[in-house]
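Structure, as structure tokens:
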Amino acid sequence: MALPSVWSVARVAIPFVLVVGLLSIRLVGAAQDSGSIIPAESRPCVDCHAFEFMQRALQDLKKTAYNLDTRVCVSIEMLLLR
């Protein structure tokens, strides 16, 4: 039995791959459009998110610094009492 030539396989495979690719792009686009859209007025801006994140990080750093300071003070007191 004779094998098909590379050119005849490519003539069939290339359009098939293109059609499958276009269909998959269309399906992905439809999935993204079907979600609920939140109006821009009700969403916080990026700067607000960054500010809140930095504020929480600063609070965490303050707590960590306080805890380290407390541990150091307790350690010094223990060393002085010895």
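Computed values, structure above
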| read-out | value |
| --- | --- |
| Karplus 3J(HN,Hα) series, Hz, for the stretch 53-65 with 6.51 cos²θ - 1.76 cosθ + 1.60 (x for Gly, Pro) | 4, 5, 5, 5, 5, 5, 5, 4, 5, 5, 5, 5, 5 |
| From phi via Karplus (6.51, -1.76, 1.60), per-residue ³J(HN,Hα) for the stretch 72-82 in Hz, x at Gly/Pro | 5, 4, 5, 5, 5, 4, 5, 5, 5, 6, 6 |
| Extension gain (nm, one decimal) between residue 69 and residue 55, 0.36 nm per residue minus Cα-Cα | 2.9 nm |
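Here, each number is a calculation from the coordinates, and none is a lab measurement. In this text the structure is predicted, and so the values were computed from the model without any measurement.
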